[in-house]
Amino acid sequence: MPLPLIWVILALVLAGAEALTGDLFLLMLAGGALAAAGSSWLLDWPIWADGAVFLVVSVLLLASVRPALRRRLSAGKGLPEPAKALEGKQALVLDRVARHEGQVKLEGEVWTARPLNDNDVYEPGDNVTVMHIDGATAVVWKNP
């Protein structure tokens, strides 16, 4: 089997393993293996020289490309959670809100609700503020 083909197979194996880890480390090694395959095919160097090309290119990719890629991939704020947008909004109590019961009308929709403080009770018609959303339940509080 020709040596460049072995380097290409190694690069494919490393790239496939990278798909399982997602750390971008093995992908940089795959880049080094592709560089070694190219140098082996173009220059017909001995295997130790191909290994040196693999080592140098892999270290350069790990030191320069990987940090930039990781920053780029983790820098995005993403889309805001729709539930976060409801925090701080006013809601109208529809059914008595106590520790394990209650409903409020929030932004035109009916939500199950519970008070922020377990001992608080809000009666129908009270206006409350949504402190946060816990799953499908609005945690509410009424200013005294």
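The values are calculated or read from the model by the stated rules, or taken from the named source; none is laboratory data. What you see is a predicted model; the values in this text were computed from it and never measured. Reconstructed Cβ throughout: ideal geometry from the backbone, glycine too, with neighbour counts over all protein chains shown. Side chains included, ligands, DNA and RNA excluded: accessible areas come from the protein's heavy atoms. Shrake-Rupley method; radii C 1.70, N 1.55, O 1.52, S 1.80 Å.
Taking the listed residues Leu5, Leu42, Leu10, the one that is under 26 Å from Ala68 (Cα atoms), out of contact with any strand residue (DSSP E or B) (no Cβ under 8 Å at 6 or more places or on another chain) and in a helix (DSSP H, G or I) is Leu10, with no other qualifying.
Considering segment 46-59, and only residues there that are crowded, with 16+ Cβ neighbours inside 10 Å and farther than 12 Å from Ile6 by Cα, the residue that is farthest from the chain's Cα centre (by Cα) turns out to be Val53. The set of residues from segment 68-112 being hydrophobic (A, V, I, L, M, F, W, C) and at pLDDT below 80 comprises Ala75, Leu79, Ala83.
When the criteria are applied in full, Gly38 fails the requirement of being open to solvent by less than 80 Å² (accessible area, probe 1.4 Å), more than 30 Å from Pro2 (Cα to Cα) and over 20 Å from the mean Cα position of the chain (by Cα).
Note on segment 105-144: residues that are of a type in the set (S, T, N, Q), more than 12 Å from Asp95 (Cβ to Cβ) and part of a strand (DSSP E or B) total 3.
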